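Worksheet: one structure, shown below.
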Amino acid sequence: MFNPISVSEVRERYSQGESCYDVISEFLEKIKDSRLNTFISISENEALAMAEKIDKGKLSGRLKGIPVSIKDAISTRGIRTTCGSKILENYVPPFDAHVIERIKAEGGIIIGKTNMDEFCMGTTTETSYFGPSKNPWDESRVPGGSSGGSAASIAEGSSVLSLGSDTGGSVRCPAAFCGVVGIKPTYGLVSRYGLIPYANSLEQIGPIASNVKDAALLLEIIAGKDYRDSTSVEKTFEFKLMDVSKVRIGIIREMIEKVDEKVQKETWRAINKLEELGMNYEEVSLPMMDYTLAAYYILAMSEASSNLSRYDGVRYGYHIEKEMNWNTYFSKVRAEGFGDEVKRRILLGTYALSAGYYGKYYLKALRVRNLIIQAFNKLFERYDVLLAPTMPTLPFRIGEIQDPLSMYLMDINTVPVNLAGLPAVSVPAGLNNGLPVGLQIIGKPFDENMILNVALKVEEEVWKR
Ligand code: GLN
C-alpha cells in the first residue's frame, strides 16, 4: 500500500512528546510486517541503541530520530552488506561508507538494508539473490531497480528517508515506479567511499524520499568533499527556494516520442500544467539518443568486469571449505556465488576490453560519451533544465520481461544523464490506471538547486492536485 511518511510528520510526533524508542520500534515492526520484501537485513539492535541515546539527550542533529534505510550496496559497519548477492551473503563491513558517517553524525537512525538487484545490475530488483521486491501500488508489479527496496520502503512508509545508488537510473527508476522522489546528484558531489562499485565512472549515491524537500535535506547532509574518494569535489549543497517562473525548459523529443502512450499522456499533462502556470518550454532534440544505450552498457559492463574480479572467495565473501587448486577454486566460487545477470555482464565486459576488441567497443563507447557531453552542453546554453519521462513504461509485472536486451531498453531515458555526469531528479507527476508516472528533470552540473525547485513546483502543482 502507498502510505509514505515525511520527515516533518515524524518530527511532529517527537514534538508531541513521543519517545524515539517507541517511534523507531514502530517502524521496525512495519518492516517486519511488510509484504513487499523491501529489506534484506534489519539493524534492530543498532537502531534501538541509537534511539535510546537520543531519548537520553546524547545525540542530536538535523536528522535526529529519523529512520533511514540504506541500499545494501552501501557499506555499514557491523551490519551485513550483501549487495543483493550470494557471494556477499555473510559479509559484514568493518567500516562505514562516507554517507553513513554523515547520517549518523546528524542523528539519523539506520534501520536496515534494502533489497536491490545483484551488484546493482538490473531495473526491477528481480536479479536479487533474496528475491524480488514488490511495488506498493500493485504487488504483482516490479518496484523498479536497482534500488527498488529503498523506493518501495519509502512508498510503503517503512522508512522515511533512504539512500540508493544510480549508475544508469537506479535511483530515478524505482522512484518513478513507486511514486516517490529520487535524486541522482552531479558526478563528484557525493563521496562514493564505501559504495560497493559496479561502474565507478557513472555512479553516484542519491537520496530517495516521499517529497522533494526531504530528499533535498538528505542531499545537503551527504554532499561534500571527502578525501577518500578521489573524484569527490570541493562543493556542498544547500537547498534554497527560488522563483522558477522564468526558467527556460527544454523538452527532449527523443525521450517522449518513443515511450508508451500512457506515459506520454501523463508527461504532457504535467508539462501543460506548468505552462498554465506561466512557464515556457520548447521542444529540443538530442539525436545522440540513438547511441547512448549501447555506449552505456559497453562502459558499465567493462568497468564491472574489472571491479568484480575482487570476489575471489579468498579475502572475504562466499568461500568453499574443500581443498583444490587455486584456479579451480576461484572459478567454482564465482560460478556458485554470482547470479546469471552478473556473469553475463562480466563476460561481455571482459570481451569488450579484450585486446582485439578494445578499440572497436570500449574506445568507441568513450568517444560516444564525449559527444553526448557536448550535446548536453549545447542544450544547456539555451535551457536551464531539460524534461522527459523518467521511464518509458508504467511499472510492469514481475517476470514480464525475460530477455536481457528488452530489460536494458528500459534504461533509455536515464542512462544519458550518467554518461554526462549531470544531476537529475525523478518526481511523481501523474497516475495512470492507478500506477505512478515519474517526470525526470535534468540540470547543469552542480545545479541541483534549480532542478529541485522545478521538481517542487511539479510536486505542489501537478502531483498533489
Ligand atoms: N538498469 C541499469 C543497469 O542495469 C542501471 C542500474 C543502476 O543504475 N545501478 O545497468
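Report, by residue number, each residue of the range 248-304 that is charged (D, E, K, R), in contact (Cβ under 8 Å) with a residue 60 or more places away in the chain and over 30 Å from Tyr351 (Cα atoms).
Scanning the range 248-304 gives Arg248, Lys258, Asp260, Lys262, Lys265, Glu266, Arg269, Lys273, Glu282.
Any residue that is surrounded by fewer than 20 Cβ atoms within 10 Å (Cβ to Cβ) and either touching a Cys at 6+ places or on another chain (Cβ under 7 Å) or closer than 28 Å to Asn377 by Cα (or both) - is there at least one of those in the range 296-308?
Looking through the range 296-308, none of the residues is surrounded by fewer than 20 Cβ atoms within 10 Å (Cβ to Cβ) and either touching a Cys at 6+ places or on another chain (Cβ under 7 Å) or closer than 28 Å to Asn377 by Cα (or both).
Since Tyr129 meets every condition but one in (1) away from the ligand (no atom under 16 Å from the Cβ); (2) surrounded by fewer than 24 Cβ atoms within 10 Å (Cβ to Cβ), which condition does it not meet?
(1)
Considering only the range 9-21, how many residues are surrounded by 12 or more Cβ atoms within 10 Å (Cβ to Cβ) and either of a type in the set (S, T, N, Q) or out of contact with any strand residue (DSSP E or B) (no Cβ under 8 Å at 6 or more places or on another chain) (or both)?
7
Quick one: how many residues across the range 153-170 are buried (at least 24 other Cβ atoms within 10 Å of the Cβ) and either within 16 Å of the ligand (Cβ to nearest atom) or over 16 Å from the mean Cα position of the chain (by Cα) (or both)?
Qualifying residue count for the region: 11.
If you check Ile31, Ile42, Ile100, which single one turns out to be closer than 29 Å to Asn200 by Cβ and not polar (S, T, N, Q)?
It is Ile100.
Going through the range 137-179 one residue at a time, which ones are outside any helix (DSSP H, G or I) and within 15 Å of Ala209 (Cβ to Cβ)?
Ser147, Gly157, Ser158, Ser159, Val160, Leu161, Ser162, Leu163, Gly164, Asp166, Val171, Gly179
Please find, within the range 132-145, the residue that is nearest to the chain's Cα centre (by Cα) out of those that are farther than 15 Å from Ala73 by Cβ and within 16 Å of the ligand (Cβ to nearest atom).
Residue satisfying both the conditions and the ranking: Gly144.
Does the range 260-274 contain any residue that is among the aromatic types (Phe, Trp, Tyr), away from the ligand (no atom under 16 Å from the Cβ) and surrounded by fewer than 18 Cβ atoms within 10 Å (Cβ to Cβ)?
yes
Say whether the condition of being within 16 Å of the ligand (Cβ to nearest atom), among the small types (Gly, Ala, Ser), more than 15 Å from the chain's Cα centre (by Cα) and modelled with pLDDT of 95 or more is met by at least one residue in the range 195-206.
Checked against the condition, which is being within 16 Å of the ligand (Cβ to nearest atom), among the small types (Gly, Ala, Ser), more than 15 Å from the chain's Cα centre (by Cα) and modelled with pLDDT of 95 or more, the range 195-206 yields at least one hit.
Going residue by residue through the range 131-148, is there one that turns out to be farther than 25 Å from Asn432 by Cα and at pLDDT 95 or above?
yes
For residues that are of a type outside the set (D, E, K, R), in contact (Cβ under 8 Å) with a residue 60 or more places away in the chain and exposed (fewer than 15 other Cβ atoms within 10 Å of the Cβ), tally how many sit in the range 22-53.
Count: 0.
Among Ile109, Ile100, Ile70, which is the only one that is within 25 Å of Glu303 (Cβ to Cβ), more than 16 Å from the ligand (Cβ to nearest atom), buried (at least 23 other Cβ atoms within 10 Å of the Cβ) and not polar (S, T, N, Q)?
Exactly one residue qualifies, and that residue is Ile100.
Could you identify the single residue in Phe177, Phe237 that is of a type outside the set (Lys, Arg), more than 14 Å from the chain's Cα centre (by Cα) and at pLDDT 95 or above?
The unique qualifying residue is Phe237.
Among the numbered conditions (1) more than 16 Å from the ligand (Cβ to nearest atom); (2) crowded, with 18+ Cβ neighbours inside 10 Å, tell me where Thr124 comes up short.
(1)
Among residues belonging to the range 413-451 that are part of a strand (DSSP E or B) and within 16 Å of the ligand (Cβ to nearest atom), point out the one that is surrounded by the fewest Cβ atoms within 10 Å (Cβ to Cβ).
Taking the candidates together, the pick is Ile442.
Say whether the condition of being among the hydroxyl-bearing types (Ser, Thr, Tyr), without any contact (Cβ under 8 Å) to a residue 60 or more places away in the chain and not in a loop (DSSP other than H, G, I, E, B) is met by at least one residue in the range 355-373.
So far as the range 355-373 goes, no, none of its residues is among the hydroxyl-bearing types (Ser, Thr, Tyr), without any contact (Cβ under 8 Å) to a residue 60 or more places away in the chain and not in a loop (DSSP other than H, G, I, E, B).
What are the residue pairs meeting all of these: first residue in the range 78-105, first residue over 22 Å from Lys58 (Cα atoms) and free of Cβ contacts under 8 Å to residues at least 60 places away in the same chain, second residue small (Gly, Ala, Ser) and not in a loop (DSSP other than H, G, I, E, B), Cβ atoms under 6 Å, and 6 or more apart or on different chains?
Arg80/Ser41
Suppose the filter is within 30 Å of Tyr281 (Cβ to Cβ), more than 16 Å from the ligand (Cβ to nearest atom), out of contact with any strand residue (DSSP E or B) (no Cβ under 7 Å at 6 or more places or on another chain) and among the polar types (S, T, N, Q); does Asn377 pass it?
Here the answer is yes, as Asn377 does meet what is asked.
Given the conditions (1) within 15 Å of the ligand (Cβ to nearest atom); (2) in a loop (DSSP other than H, G, I, E, B), which single one is not true for Glu400?
Result: Glu400 fails condition (1) only.
Confirm whether Ala209 is within 18 Å of Ala175 (Cβ to Cβ) and modelled with pLDDT of 95 or more.
So Ala209 fits the description; yes.
The values are calculated or read from the model by the stated rules, or taken from the named source; none is laboratory data. All values derive from a computational prediction rather than experimental measurement. Positions of Cβ are backbone-derived with ideal geometry, glycine not excepted, and every protein chain shown enters the neighbour counts.
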